[in-house]
Amino acid sequence: MKYAIEDYVPFLLAEKSSFFEDAAPKMQPYQVKPPAGWQTWSDRHWIYLLAPGKLPAQGWKIHLSAGCKDEEGLLRATADYLFKQKISLKFTVSRGEWIVKNSKNADWTESGKFITAYPKDTEQFKQAAADLAVLTSEYELGPYILSDKRYKASNVYYRYGAFKRAPG
């Protein structure tokens, strides 16, 4: 039997952890408005924002983790930077979904991931990783992303892998 996130989060809230303290009121999707010309879509877990132009089939992925104090601020700062650089991204749909991805029963391959950026090439990847580490340094460190290598002591992680295509 499958449960909706709305059923799962109250169960987690019963643990009385400070991580889950005020999650219940934040079930609404995060609101990030991309520039004109960007393709957008979402599924149950992620909101995708695809920059104009062709995305390679594979390349460097940048994952950002976030602490529970101001993940929405980190999302806005990161998205603004990625929009200016024309780097495609995805991020978790809502705070509730982000909490589920970081719960003790979550799939370890998703754990810690809040934002994923898809640089077009190695040079753009190197610059974005360095810039995002500085940009997000004022935010609380998030959970470690087990599948990736951490960039210095930051919320930025990376690995090489396949990119998924837009639906349709």
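Nothing in this text is a laboratory measurement; each read-out follows from the coordinates by a stated rule. Small disclaimer: the values here were computed from a predicted structure and weren't measured. Glycine also receives a Cβ, built like all others from the backbone with ideal geometry; neighbour counts cover every protein chain displayed.
Observations, loosely collected:
- Within segment 122-138, not a single residue is outside any helix (DSSP H, G or I), surrounded by fewer than 21 Cβ atoms within 10 Å (Cβ to Cβ) and in contact (Cβ under 8 Å) with a residue 40 or more places away in the chain.
- Search result, residues across segment 105-121 that are part of a loop (DSSP other than H, G, I, E, B) and under 20 Å from residue 30 (Cβ atoms): 106, 110, 111, 112, 113, 114
- The number of residues in segment 53-104 that are assigned to a strand (DSSP E or B) and within 20 Å of residue 31 (Cβ to Cβ) comes to 7.
- Subset of segment 111-121 [within 16 Å of residue 161 (Cα to Cα) and either buried (at least 18 other Cβ atoms within 10 Å of the Cβ) or without any contact (Cβ under 8 Å) to a residue 40 or more places away in the chain (or both)]: 113, 115, 116, 117, 118, 119, 120
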